[in-house]
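Inspection log for the structure reproduced underneath, given as structure tokens.
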Amino acid sequence: MNQETATGGGNLIGLINLLGKTTLNIIGELGAVAIFFFHGFLLIFSLPFQFRKVVQQVYFIGVKSFLIISLIGLFTGMVLGLQGYYTLVKFGSEGMLGAAVALSLIRELGPVLTALMIIGRAGSSIAAEIGIMRISEQIDALDTMDINPMRFLVSPRIAASVITFPLLTALFDVIGIIGGYLTGVLLLGVNSGIFFNRIYDSVVAKDINGGFIKSLVFALVVSTICCYQGYFTHMRPGGFGAKGVSLATTSAVVISCVLVLVLDYVLTSFLL
Amino acid sequence: MPQPFIEFKDVSKSFGNLQVLDGVNLKIYSGEITSIIGKSGVGKSVLLKHIIGLLKPDSGQILIKGKPLSEFSRPEWREFKRSLSYMFQNNALFDSLTVFENIALPLVERTSLPGSEIKKKVDYRIHQFELNEVKDRYPSQISGGMQKRVALARALVTEPTMILFDEPTTGLDPLRKNAVLNMIAHYQHEIGFTGVMVSHDIPDVFFISNRVAIIENRKIPFQGTPLELEQSDDEIVWQFIHGQEVLQDQLTGLDPRPEVEKLFKELLSEVAAKKKTFSVALFTIDDLDEIKKHVGYIASQRIFQCMAMGIKGLLHSKEYAARFGSGEILSVFPDSGLDRAREVISGLSRGCSNQELMDPSKYKKVCIDFALKAGAIEVREPVDLTTLLEKLRENQEVIAKMECRGVADKK
């Protein structure tokens, strides 16, 4: 019916049709993700607690990301120190380096880069793992055994993300500041006392809280999107089997990354 | 008849444009094993998935003990689901869990049994299915047959009252297949669970099934006991039971019987119109059933195959031959007289005498005398097929013989 009007009514109506359809699809999808999230999130608190599974996921998402987060944190901090120094030295205020490095890490770079790194490392594998379970009927098998697949697969991952994202962000911040110290103080000769004093003076609880809230929001969004994409691999038009899983993984990563950056802007404008 | 445990009432299901089930009616009784047989891809698994709610019907109803599935409350539905197990066609084992953890999962997640109790139950199944050596391996590290057994163990470990088996024996070697069927039958006698089994293993599944349903063309044309199945005149049923014979006819190059019957009728009408005459020949292996019984199935089939291929090799392009009984082949020679039929008979006589199968020394264990007989008639006036066959049988003469002369236990 829609197509008939589209071809019969000319390009403009076709365009409006397309716009309407796309909008409805997006809204429908948003609704589905929201329901998926609340369902998965509430099941975290259902008894008995899945302590073991949450710990396993904390290990997988958190502990195994330790090294990569430290490495990225270190180099981010070092390059901030380098760039910051050469910019600040033009105004003769290289003493502010510590504050510049610490604030940009704690407010912005820490939560965002940590989230992006976890998406790449753990998010993609969450989507792929759940996607494969879906196409090989393992999720159906759980269902037939009267084991709630949402509770079994999704809830522990959301819970583990909520625990690990802030911790990894904190790690990223600390290692980043050490990186800034390495380049700023040890390499370029900024006074070590001034470096730390400036950090002490300028960083307030509000900054840390802001970073914490951001990392929490990112944890919920990333874990939900990655689980959702894997969980509904089979509903994806045009992709079945391995192809479907690869598409699910790709969209899990792309959508999570975009959402993290968009939400970062939105959250910053509210928190400032 | 008592009330069925599960009943499908006019259930239809489509996937997009593809209709898989169309007004299916099926009854499954408590405490029985019901086998659903049918060709691949006709919707057997789809049928099974409706019972456990993985798929919902587009129209029609599924009744559990007389109550529609759609009216089940959540707790009722969960209770029903907990009482049954589903064994998936592709096993659906959890590939990130070991064999032991796979089997233990339903107990760990669903019950509050202590660890030692769970271990005891799982170990019992592991032992029962000879999985001891692989219990710490992951599903991808073990063979397909072992995976099947793990899936079966996982289905049985919760001691369900109903089990849905989706091709439990596909991909197993014949010995293990028997073991699995035996295990299902044994456990069924012991516990008395209700079983629904989708299978291709005809006739093996008939031995353990109380009821059989055939699914074909989106419907269920037959359901009943294996005995009723065997006695049925339905053509689809016949094809399922005689699948092996159909295959053999195709292998030997014989024409399908309905086709030859059709040709025979056409020729008869021409005979009635006095346009022409034609000839027929009947070849029989005497005592083929005796050979099957005493010497063996393969020997009897090889002998039949030898005769069929011999005849087929002698026929010209417009001449036909089809199996009419367990050891009988009828040939039709549309444009020829009796001479042509006799030519084929003598050709077969020469061809068969040198065959390995006619050598008594090959039957070392059990040997039975048998003979190849043939007879021909020229049809000049209309006659029905049964009478013609009777006449042909009277007309037959022995054209080749296999005599044991005391090489083995002569029966």
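Every residue in the range A:225-272 that is over 15 Å from the mean Cα position of the chain (by Cα), under 30 Å from residue A:209 (Cα atoms), in a helix (DSSP H, G or I) and not polar (S, T, N, Q), please. Working first, answer last.
Quick first cut of the range A:225-272, residues over 15 Å from the mean Cα position of the chain (by Cα) only: A:230-248, A:268-272.
Remaining after also requiring under 30 Å from residue A:209 (Cα atoms): A:268-272.
Now drop any that are not in a helix (DSSP H, G or I), which leaves A:268-271.
Answer for the range A:225-272, where residues must be over 15 Å from the mean Cα position of the chain (by Cα), under 30 Å from residue A:209 (Cα atoms), in a helix (DSSP H, G or I) and not polar (S, T, N, Q): A:270, A:271.
Residue check, residue B:99 against (1) closer than 28 Å to residue B:31 by Cβ; (2) more than 8 Å from chain A (Cβ to nearest Cβ), all met but one. Which one?
In the conditions (1) closer than 28 Å to residue B:31 by Cβ; (2) more than 8 Å from chain A (Cβ to nearest Cβ), residue B:99 misses (1) alone.
Got at least one residue in the range A:87-95 being in contact (Cβ under 8 Å) with a residue 24 or more places away in the chain and open to solvent by 50 Å² or more (accessible area, probe 1.4 Å)? I'd like the intermediate steps shown before the answer.
Pass one, the range A:87-95, residues in contact (Cβ under 8 Å) with a residue 24 or more places away in the chain: A:94-95.
Right, trim to open to solvent by 50 Å² or more (accessible area, probe 1.4 Å) and you get A:94.
Yes, the range A:87-95 contains a residue that is in contact (Cβ under 8 Å) with a residue 24 or more places away in the chain and open to solvent by 50 Å² or more (accessible area, probe 1.4 Å).
What number of residues in the range B:104-139 are part of a helix (DSSP H, G or I) and over 18 Å from residue B:170 (Cα atoms)? Before the answer, list the steps.
Taking the range B:104-139 first, the residues part of a helix (DSSP H, G or I) are B:104-110, B:115-128, B:132-134, B:139.
Right, trim to over 18 Å from residue B:170 (Cα atoms) and you get B:104-110, B:115-128, B:132-134.
Residues meeting the conditions: 24.
Would you check if there is a residue in the range B:175-189 being at pLDDT below 85, out of contact with any Ser or Thr (no Cβ under 7 Å at 6 or more places or on another chain), within 13 Å of residue B:86 (Cα to Cα) and charged (D, E, K, R)? Can you show your working first?
Here is the first cut: in the range B:175-189, the residues at pLDDT below 85 are B:175-189.
With out of contact with any Ser or Thr (no Cβ under 7 Å at 6 or more places or on another chain) added as a condition, the list becomes B:175-176, B:178-179, B:182-189.
After this cut, where a residue has to be within 13 Å of residue B:86 (Cα to Cα) as well, the list is none.
No: zero hits.
If you go through the range A:117-150 one residue at a time, how many are of a type in the set (D, E, K, R) and more than 9 Å from chain B (Cβ to nearest Cβ)? Quick ask: steps written out before the conclusion?
Of the range A:117-150, the ones of a type in the set (D, E, K, R) are A:121, A:129, A:134, A:137, A:140, A:143, A:146.
Still in the list and also more than 9 Å from chain B (Cβ to nearest Cβ): A:121, A:134.
Residues that pass the stated criteria total 2.
Of everything in the range A:155-168 that's open to solvent by less than 10 Å² (accessible area, probe 1.4 Å) and of a type in the set (Val, Ile, Thr), which residue is farthest from residue A:84 (Cα to Cα)?
If we take residues in the range A:155-168 being open to solvent by less than 10 Å² (accessible area, probe 1.4 Å) and of a type in the set (Val, Ile, Thr), then A:158 is farthest from residue A:84 (Cα to Cα).
If we scan the range B:309-326, do we find a residue that is of a type in the set (Asp, Glu), open to solvent by 20 Å² or more (accessible area, probe 1.4 Å) and on the phi < 0 side of the Ramachandran plot?
Step one: filter the range B:309-326 for residues of a type in the set (Asp, Glu), giving B:319.
Restricting the remaining residues to those that are open to solvent by 20 Å² or more (accessible area, probe 1.4 Å) gives none.
For the range B:309-326, residues of a type in the set (Asp, Glu), open to solvent by 20 Å² or more (accessible area, probe 1.4 Å) and on the phi < 0 side of the Ramachandran plot: absent.
Being in contact with a Ser or Thr (Cβ under 7 Å, 6 or more places away or on another chain), under 25 Å from residue B:102 (Cβ atoms), among the β-branched types (Val, Ile, Thr) and not in a loop (DSSP other than H, G, I, E, B) is true for just one of B:198, B:205. Which residue is that? Steps first, answer last, please.
Working: B:205 fails: under 25 Å from residue B:102 (Cβ atoms).
Answer to the check: B:198.
The values are calculated or read from the model by the stated rules, or taken from the named source; none is laboratory data. Owing to the predicted nature of the structure, the values given are computational and were not obtained by experimental measurement. FYI the Cβ positions are ideal-geometry reconstructions off the backbone, even for glycines, and counts take in every protein chain you see. When the accessible area is computed, the model is the full protein with side chains, heavy atoms only, and any ligands, DNA or RNA have been set aside. Shrake-Rupley method; radii C 1.70, N 1.55, O 1.52, S 1.80 Å.
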